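Each value in this text was obtained by applying a stated rule to the coordinates, not by laboratory testing. Computed from a predicted structure; not experimentally measured. Glycine gets a Cβ as well: all are built from the backbone with ideal geometry, and neighbour counts include every protein chain shown.
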Amino acid sequence: MDQRRAILADALGVGLAAGAYAISFGAISVASGLTVLQTQALSVLMFTGASQFALVGVLAAGGGAFVAVATAALLGTRNGFYGLHMAPLLGMRGWRRLPTAQVTIDESTAMAVRHEGNPRDARLAFWSTGLAIFILWNLGTLLGALGAGLIGDPGTYGLDAAIPAAFLALLWPRLTTTIMRTVAAVSVVAGVALTAVLPAGTPVLLAGAIGVACGIVLSRRESDA
């Protein structure tokens, strides 16, 4: 019982942090030109913070809708890999797979994996974290979107820097190996170089592709060594 309480407390804590983060997304999204309804739809239907920030960031920079969606989709592919790992543990079938997929995100997966030794606790961690974040993320988005008109120019408060800062915060803890750091460095250099000559959003896609290619080459070399 104490273990279950601890899991629920952790899930609520993660949800509250995500909700606070979502306030900035809601404000930035509306300030970037999306309506409150469009902003809320992103949080309800897309529901993956990195992809949402990416889409809004590309649109705010003047990129087209296709490039914005492609960039968001590229970042969202990681959730599919999470699903492959979580499917045997959660054991969902039929229509239940749809809501399960919707809350298969970084945090819910991490919480479940942490308790993987006990399938019952792992499932509780997954669902409590996923639902807490879904509810509080959408509430935070709504609060931020409704309050965006009171903020004015997001650049005045440094909110225009929130998107790159958010990506850096998500990425930095994951750079734990030489290959990861090399891929990140190559991607950054490629992105910066391409920004000067390509439309908004396109450099992100190409830099991501270059980074993936670099990672594959380095991983193969390490395996052959």
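Place +1 on the Cβ of every Lys and Arg and -1 on the Cβ of every Asp and Glu in the chain, take the dipole about the Cα centre, and give the residue among SER43, MET86, ALA184 whose Cα lies farthest towards its positive end.
MET86
Distance in nm between label sites at LEU194 and ALA65, each 7 Å beyond Cα in the beta-carbon direction?
2.3 nm
For a quick check: sort PHE134, PHE81 by the number of other beta carbons within 10 angstrom, fewest at the front. The partial results should precede the final answer.
On the way: PHE134 20, PHE81 11.
Neighbour counts put them in this order, fewest first: PHE81, PHE134.
I need the shape label for the range 175-225. Rule: rounded when a/c is under 1.5, else prolate if a/b > b/c, else oblate, with a, b, c from the alpha carbon gyration tensor. List each step's numbers first, then the result.
Numbers: a/c = 3.47, a/b = 2.39, b/c = 1.45.
Cα axes put the range 175-225 in the prolate bin.
Roughly how many debye, to the nearest 20, is the charge dipole of the chain about its Cα centre, given +1 on each Lys and Arg Cβ, -1 on each Asp and Glu Cβ, and no other charges?
Charge dipole of the chain: 580 debye, to the nearest 20.
Sort VAL103, VAL30, VAL189 by Cβ crowding within 10 Å, fewest neighbours at the top. Present the calculation step by step, with values, prior to reporting the outcome.
On the way: VAL103 19, VAL30 23, VAL189 12.
Listing VAL103, VAL30, VAL189 from fewest to most nearby Cβ atoms yields VAL189, VAL103, VAL30.
For ILE135 and VAL44 in one chain, what is 0.36 nm times their gap in residues minus the Cα-Cα distance, to one decimal in nm?
Details: separation 91, 0.36 × 91 = 32.76 nm, distance 0.92 nm.
Taking ILE135 through VAL44 to full extension adds about 31.8 nm, to one decimal.
Consider a paramagnetic label point 7 Å from the Cα of GLU222 along Cα→Cβ; state which residues of the range 175-192 have an amide N under 16 Å from it.
From the range 175-192, the list is 175-187.
Pick out, from SER219, PHE25, TRP95, the residue whose Cα sits farthest towards the positive end of the charge dipole of the chain, with +1 on the Cβ of Lys and Arg and -1 on the Cβ of Asp and Glu.
Looking along the dipole axis, the top candidate is TRP95.
List the DSSP H helices in the chain whose Cα atoms stretch 18 Å or more along the helix axis and whose mean Kyte-Doolittle hydropathy is at least 0.5. Walk me through the intermediate numbers first.
Working: long enough: 2-31 (44 Å, 0.94); 65-90 (36 Å, 1.12); 119-151 (46 Å, 1.06); 178-195 (25 Å, 1.70); 202-224 (34 Å, 0.86).
Long hydrophobic helices here: 2-31, 65-90, 119-151, 178-195, 202-224.
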